[in-house]
Structure formats: structure tokens, C-alpha cells
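See below for the structure under consideration.
Read-outs: derived from the displayed coordinates by stated rules, not from any lab. Nothing here was measured: the structure is a model prediction, and the numbers come from that model. Note that we place each Cβ from the backbone using ideal geometry, even for glycine, and neighbour counts take in every protein chain shown.
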Amino acid sequence: MFALRGIAVSLSCFVLLYCLLSALVATAWRPLKPLHVAQQSVAAILFALRTLPLIASVVITFALVVPSFRLLEPRSIKGGMAMPVALGVCALLLIAYSCFRVVTAQTRTTRLVTRWLEGARPLKASTDSTVTFHSRPGTPPITLVGVRNPRVLVSETTVALLSDDELHIALKHELEHMKSRDNLKKLIFCFCPFPGMAKLESAWSQAAELAADDAAVSNQGDAVDLAAALVKLSRLVPVEAAPVCSMGFVADSLSQRVARLLAWDEASKSRRVRIRAWFVVPFAIAASLLVSIAYSPVLALTHEVTEWLVR
Amino acid sequence: MMKASSIFGLRPRLGPFEQLVLEKLWAYGSATVRELLADGAIHQAYTTVSTTLDRLYKKGLLERVAEGKAFRYTPRHTPEELQRVTTLDSIRQLLESGVPSSLPLSHLVEAISIHDAQLLDELQLLVERKCCELRDQKKIREKS
């Protein structure tokens, strides 16, 4: 009974925290345009913001709620189960729905990619063996598909339409998405559903495209080739919608991307600040120290909050 | 001039007679009820034409100025502008409907791509200009 009660309370806290943080992120986030940071960093910040509710609620539940319940909850208390059980069921439903979304996205992607890969051959223009081209009409011009085994699919029309340099830089753009594991990130978004997150996801998607452009381009010639490829491929109309676990070459904000590429110069690229992962380390260490020093009072406070929840 | 009947998304909004009157107005530029009737292509009573013009005015498709006891009507949009407005409106309605199927979205992409042809032409021109610029710079560097 004690264990069941503990599970119900933990799940309740998880779902409440998740909903609260998600609502906060959905309403409080703002586009990061005014910040003078590299697009890779913008994409990373937006991804962190999008996944913050899930990660924070899991961490708080396991680091505070579960230990506070185990250490401070008297084992003999009975009753007051209705609210935690109801919220626990909600949490289980949320987890089940998230899993369903992930499985559906993966299944649809796999099904579509299998169809697109029918009769596909390795692309000679690319040195990377993961790149193939497909001939099925109505497929996207260039797209990165899959999570575990990502592949770049290129249509025959694209090969015919683009010059060697344009094709090379377009492939490089997609390979940058592969390096950043953008399809996995999209799948993670499926795992943290919450209404009102579409704009944040769209901003991330746009930043990820710009980041892949920036990473692929190393000189003005590359930038112009990529812009030319973008414009040419935008004229090709895909008949089918792209699956969730894919990053298309031609996405939204075409004008913005082309304008950025045409105005590309080495100086502006180096001026933009890139926020590295290790920037977070001092904050993480400070937070860990703070929590370890004040762990007992924090546990007591957490227990009081959960007590209020049980009543 | 583009026929009103061919305008994407316009059919559900305008009746056949409204479309005919709007086409005539596009052809004239501006007209009063009497001028439209004098053309001979509209075989309806004065009040019918007047009511139709009033309805088009209330739908925001026409502008009017008083001319004696009557009104002179002018189309607010060119056929191309109206096409753009109605297309965007249709797309907005489709997006707001929250259709879960991927099929309408793919049609939406198709519609957007078709109607952005002008933008793509402009972007292509910019890219070509930049290409020429780079080529010229390269030549100058090689010479020097």
C-alpha cells in the first residue's frame, strides 16, 4: 500500500510539474532574434526550452519527490488516495499518449521511407555511403530521413537539376542535420506533447535549417551555390507530406535563408557568439552544490508540498 | 483578363451573377448601374443589378462614390490581387480547421508553391546577380 501510494504521489507530482512548466514555457518563450548568437546556439537553446518541462519534471520527481516520500512519509497513514490516484492515472495516460505518438511517427516514417527507397541506388556524387538517391516521383527533392539509421534521399530530378557544386553543398547541408541529430530531436518533441508548443517547434525548425546552412557553408561560393540549389528545388512540388522523422532541404523561410546566404561573409559568421555546452557546466556545478548543501530542508519542503497534495 | 470563375476559392463566395457583374466591372474599370445595363450583356432589372452591386460592396470587393442620385462602383482588387487574397483566406481556413490528414497539407504545399512562383523568380534573379558579382571579383583578382 505504501509503495502504491508512493508511486501515485510521484506520478501526480510529475504530471503537475510537467503541465505547469509546459504552460510556462509555451507562454513565456520568445523568439531569440535579438540575441547576437550563432544559429547552432539558437537551435540548441530552443531545443533545451522545448524539452525543459519533461527533463525538469523527471529530475525533480526522481531527485526530490521519491526520496522525500521514502524518508519522511509515515508508513501507517491511510486514506487520502483519491487525488494522487486520479493524477497518477492522468500521468500514465500522458506517458501512454507520448509513447503512442513516438511509435506512430516512427512507424509512418519507416513505412514511407521503405516506399521511397524502392529501387534506390547509392549516389555516385557523394562520398558517404549512407546517401542514396531514389527515383520515385512525388518524393521530396532532398531529405534526411530516419533516426537510428539516418539516410539522405535525393531524387533523380534533383540530380538532374542541380550542378555538381550545388548538389555537393545541398548534401553537406543535410549531413549537418544528421550530425546534429535533428530527426532524433523531432522524435523527442513527439514524446513531450503539450498544446501551444507549435510556434516554439517551428522556431526551432527554422533555427535548425539556418544552423545547417551555416555549418555547410565555408566560403561565398558555397553560400551562392546553396542559395541557387534552394531556389531551384523550391520549384519542385512534393506530392506527399514529409514524415515526422525527416528534415527536408526546402523548408519554410526561403526568402530569409536565401538573403542570409547571399549576404554571407566570414566576418559576420565569426562575430556571432556560439554558446558551447561547457558554458552550462559551472551553473550545473553551482546548482548541484546548492542542492547538496540544502538537500534536507528541500526534501522537507517537497514532502510538505506532497502532503498538501495528498490531503 | 482573368475570368472570375477561374479564381481559386472564389466560387463558394460569389454567385454566378455576382461573378458576371464583377467581371464587367473589371472590364470597365468603374461603372454605374445604368452603364452596366447599357452594355447589353446583363439582362436583369435595374434593382437586381443595384442590389448585387450593393452586396459586392458589403463583401468588401467594391468601392463606391456617390454620383448624382446613383453610385459609381470600382473594384477594390485586381483579379490577381483577389486571387491572392482568396487563396490566402482558403489556406488560413484550412490551417485553422486542424485537418489531421497529410493529404490536404500536401495540396497546401502545392498551392503555396504555385502562387510563390513570382517570389522564386525574384530570388533566382538575386542569386544570378550574386553569381555574376562573384565571377567578376574572381576575374579582377586573377588579373591583379
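Both radii are taken from the alpha-carbon atoms of region B:4-76; with Rh as the Kirkwood radius, Rg/Rh is 0.93.
As a proxy for reagent exposure, A:Arg274, A:Arg151 were ordered by neighbouring Cβ count within 10 angstrom, fewest first; the result is A:Arg274, A:Arg151.
For B:Phe71, the residues whose amide H sits under 5 Å from its own are B:Val33, ignoring neighbours fewer than 5 places away on the same chain, with H placed 1.01 Å from N.
By other beta-carbon atoms within 10 Å, ranking A:Glu209, B:Glu67 with the fewest at the front produces B:Glu67, A:Glu209.
Counting Cβ atoms of other protein chains within 10 Å of each Cβ in B:120-127 and taking the mean gives 6.
Dipole magnitude for region B:4-76: computed about the Cα centre from +1 point charges on Lys and Arg Cβ and -1 point charges on Asp and Glu Cβ, it is near 240 debye. Around the amide H of A:Met197, modelled in the peptide plane, lies no amide H under 5 Å away from a residue 5 or more places distant or on another chain. Using a cut-off of 29 Å between Cα atoms, the listed pairs A:Lys185/B:Lys130; B:Lys24/B:Lys69; A:Lys199/B:Lys130; A:Lys199/B:Lys58 include A:Lys185/B:Lys130; A:Lys199/B:Lys130; A:Lys199/B:Lys58 as exceeding that distance. Need one number: the % of Cα-Cα pairs in region A:189-237 sitting beyond the 16 Å mark. Counting pairs separated by more than 16 Å, the tail of P(r) holds 57 percent.
Over all other residues within a Cβ to Cβ distance under 11 Å of A:His177, the charged ones net out to 0, with Lys and Arg as +1 and Asp and Glu as -1. Can you give the net charge of the other residues whose Cβ lies under 13 Å from the Cβ of B:Gln137, counting K and R as +1 and D and E as -1? With Lys, Arg at +1 and Asp, Glu at -1, the neighbours total +3. Sorted fewest first by neighbouring Cβ atoms within 10 angstrom, A:Val113, A:Val59, A:Val37 come out as A:Val59, A:Val37, A:Val113.
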